[in-house]
Amino acid sequence: MGTDNNWRAAVDNQASQLGYRNWIVIAEASFPAHSRSGVRQVAAPVEVPEAVDYVLQALERTENVRPHVYLTRELRSVENDFAPGIDALRKKLRESLHGHEAAELDQQSLLTLLEDANRSFDVLVIRTQTALPYSSVFLELKPGYWDADSEMRLRERIEHERMQRLVRPFP
């Protein structure tokens with residue numbers, strides 16, 4: 001019970017410190033350990049869906065970030081005959097996402113994005129007890145108070161203002 005509370009406290013503490021462009025990985029048991037600075041690792045004695053559920057709730061409480069959820073593309077193709085329990089995990093995982101849409105990318109592409117991000121930004125890895133292939137969930141953090149549409153409108157306005165200055169000379 002103490003260990004269970006320890007990982008939750010660590011997630012609560014670290015989630016409140018993370019911001020835009022940071023990543024959180026809710027990892028299956030064989031996810032590689034990283035020695036690079038900026039990667040924080042927490043052991044969670046739970047399965048991936050339970051950890052995903054908790055992390056998403058923690059992020060909702062912070063309000064400063066929102067997650068862009070990625071699942072590995074391979075996850076949907078793994079057969080239960082070769083990885084007993086994968087069908088049940090996929091079902092629990094869908095429920096744990098609380099309606100968040102999940103994009104799919106090959107696991108290697110996600111690992112490359114993660115390594116790229118870690119050159120400048122922090123990554124939190126929560127290693128679970130799940131022993132099923134391709135079951136890690138990747139969360140790229142976006143601003144909670146500023147979305148892609150707002151950013152696009154801002155960039156269009158800036159470009160419009162720039163073009164206005166080019167067309168007419170300053171007095």
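Each reported figure results from applying straightforward, stated rules to the coordinates on display, with no laboratory input. This structure is a prediction, so every number in the text was calculated from the model and none was measured. Quick reminder, even Gly has a Cβ in these numbers, built from the backbone with ideal geometry, and neighbours come from all protein chains shown.
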- Message: What distance in nm lies between label points placed 7 Å from Cα along the C-beta direction at Asp87 and Glu115?
- Response: 3.6
- Item | C-alpha long axis of helix 2-15 to longest principal axis of the chain, angle in ° | 10
- Task: Could you please state, rounded to a whole Å, how far the C-alpha centre of segment 45-77 is from the C-alpha centre of segment 106-164?
- Result: 13
- Please state, as a whole number in µm²/s, the translational diffusion coefficient that the Stokes-Einstein equation yields for the chain at 37 °C and 0.692 mPa s, with Rh defined as the Kirkwood radius across alpha carbon pairs. 188
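Would you list Phe82, Phe31 from fewest to most Cβ contacts within 10 Å? Kindly include the intermediate steps, with their values, before the conclusion.
Numbers: Phe82 8, Phe31 18.
With the fewest neighbours first, Phe82, Phe31 line up as Phe82, Phe31.
Could you list His98, His160, His34 so that the one with the fewest beta carbons within 10 Å of its beta carbon is first and the one with the most is last?
Values: His98 12, His160 9, His34 16.
By the 10 Å Cβ count, ascending, the order reads His160, His98, His34.
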- Roughly how tilted is helix 148-167, in degrees to the nearest 10 and between 0 and 90, from the longest Cα axis of the chain? 20
- Query: For the Cα atoms of the chain, what angle does the longest principal axis make with the long axis of helix 107-118, in degrees from 0 to 90, nearest 10?
  - Reply: 60
- Note on the structure: CD proxy, 222 nm, the chain: helix-only mean residue ellipticity via -39,500 (n - 2.57) per DSSP H run with n ≥ 4, per residue, nearest 500, stands at -13500 deg cm²/dmol
- Item | Model label zone, Ala148; criterion: amide N under 18 Å from point 7 Å along Cα-to-beta-carbon; scope segment 59-81 | 65-73
